[in-house]
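The values are calculated or read from the model by the stated rules, or taken from the named source; none is laboratory data. Quantities reported herein were computed from a predicted structural model and do not represent experimental measurements. Ideal geometry is used to build each Cβ from the backbone, glycine not excepted, and the neighbour counts take in all protein chains shown.
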């Protein structure tokens, strides 16, 4: 298995820095995801790792081998692109075998490897078909099989599911995760879809404007985002602002006059008059305070502006203040006692579920 180290990578296009001093350490055998909005630099970084772009500064290492001057075809990388890149005049089997033939693998070994790759991606019986006879999901499996059959030391995937419908995306991402775990190939995966990143990754790096803002396990980024950008990008986060009025009941807490009229004890620091922001995940809001001391639960009241039924979940949109809407998700609700649009609704959140939100976090 291969460890990938990215050390201080810089890439400029003209005067614009696309990658601004990024460093990463991808552990052997893990699935590491780069996630962020369009234009944040994640695909540029992937192409530098692949050797398809040359960096202006910094180094790429595979284990202890510096790869800066190694051409792409000598890096032994499997790449899965967004646009499939299937050869339309070749059969499924010939597409899968393409990389093996380029490496001059003996024909008897090619046949066995193609059969095994087709089995892995559930394309048995389709190796003699032409790409035009396949669905989008099947075509993406062909590309995945072609990348895996060369036994790469590193697998790079750039938005591989973006051309598929929602149901197929879930199916193919499950297949990718299953194969990656089974084969233990170090994988770097690029996506702008935060749900996809949470579902598939061992580790996630959140990028914005050429920088990495935070690196961590999916649950670490979800529960303890390093700043407002990460909080907004990974999942849904209600951002609530207030002004410090004094010290809180415990170290690391302050009492704040919140913008929606309540006085809360919140995580934070600063003297009286300083601004403070906290995040609340929709599922952390409850219809009634839970167990524990009364002062450990913070109230929030608003007018229901939208109700969305999602089976086992009801999502309420509340107008809490003139410019503030809050989303609450009530799991396993009592459907005989739902609140309707226009009703006043009082919700509660445990103080322990409030997330401090500095303006921005930075991991390099």
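Looking at (1) in contact with a strand residue (DSSP E or B) (Cβ under 7 Å, 6 or more places away or on another chain); (2) within 24 Å of residue 175 (Cβ to Cβ); (3) at pLDDT 95 or above, can you tell me which one residue 81 breaks?
Of (1) in contact with a strand residue (DSSP E or B) (Cβ under 7 Å, 6 or more places away or on another chain); (2) within 24 Å of residue 175 (Cβ to Cβ); (3) at pLDDT 95 or above, only one is false for residue 81: (3).
Within region 292-332, count every residue that is more than 29 Å from the chain's Cα centre (by Cα) and closer than 23 Å to residue 224 by Cα.
Residues meeting the conditions: 7.
Report yes if residue 124 is more than 17 Å from residue 189 (Cβ to Cβ), in the same structural domain as residue 202 (by TED's automatic domain parsing) and out of contact with any strand residue (DSSP E or B) (no Cβ under 9 Å at 6 or more places or on another chain), otherwise no. Let's see the steps before the verdict.
Numbers: more than 17 Å from residue 189 (Cβ to Cβ): yes; in the same structural domain as residue 202 (by TED's automatic domain parsing): yes; out of contact with any strand residue (DSSP E or B) (no Cβ under 9 Å at 6 or more places or on another chain): yes.
Yes.
Looking only at region 25-35, decide whether some residue is without any contact (Cβ under 8 Å) to a residue 40 or more places away in the chain, assigned to a loop (DSSP other than H, G, I, E, B) and out of contact with any strand residue (DSSP E or B) (no Cβ under 6 Å at 6 or more places or on another chain).
First, the residues of region 25-35 that are without any contact (Cβ under 8 Å) to a residue 40 or more places away in the chain: 25.
Remaining after also requiring assigned to a loop (DSSP other than H, G, I, E, B): none.
For region 25-35, residues without any contact (Cβ under 8 Å) to a residue 40 or more places away in the chain, assigned to a loop (DSSP other than H, G, I, E, B) and out of contact with any strand residue (DSSP E or B) (no Cβ under 6 Å at 6 or more places or on another chain): absent.
Any idea which of (1) surrounded by fewer than 18 Cβ atoms within 10 Å (Cβ to Cβ); (2) touching a residue at least 60 places away in the same chain (Cβ under 8 Å); (3) in contact with a helix residue (DSSP H, G or I) (Cβ under 6 Å, 6 or more places away or on another chain) is the one residue 124 doesn't satisfy?
The single condition residue 124 does not satisfy is (2).
From (1) surrounded by 16 or more Cβ atoms within 10 Å (Cβ to Cβ); (2) in contact with a strand residue (DSSP E or B) (Cβ under 9 Å, 6 or more places away or on another chain); (3) at pLDDT below 90, pick out the condition that doesn't hold for residue 86.
(2)
So residue 7 passes all but one of these: (1) over 21 Å from the mean Cα position of the chain (by Cα); (2) at pLDDT 95 or above; (3) under 11 Å from residue 211 (Cα atoms). Which condition number does it fail?
With respect to (1) over 21 Å from the mean Cα position of the chain (by Cα); (2) at pLDDT 95 or above; (3) under 11 Å from residue 211 (Cα atoms), residue 7 is out only on (3).
So, residue 246, is that one touching a residue at least 12 places away in the same chain (Cβ under 8 Å), more than 30 Å from residue 36 (Cβ to Cβ) and assigned by TED's automatic domain parsing to the domain that holds residue 347 or not? If you could, list the steps in order and put the result at the bottom.
On the way: touching a residue at least 12 places away in the same chain (Cβ under 8 Å): yes; more than 30 Å from residue 36 (Cβ to Cβ): yes; assigned by TED's automatic domain parsing to the domain that holds residue 347: yes.
Spelling it out, residue 246 is indeed touching a residue at least 12 places away in the same chain (Cβ under 8 Å), more than 30 Å from residue 36 (Cβ to Cβ) and assigned by TED's automatic domain parsing to the domain that holds residue 347.
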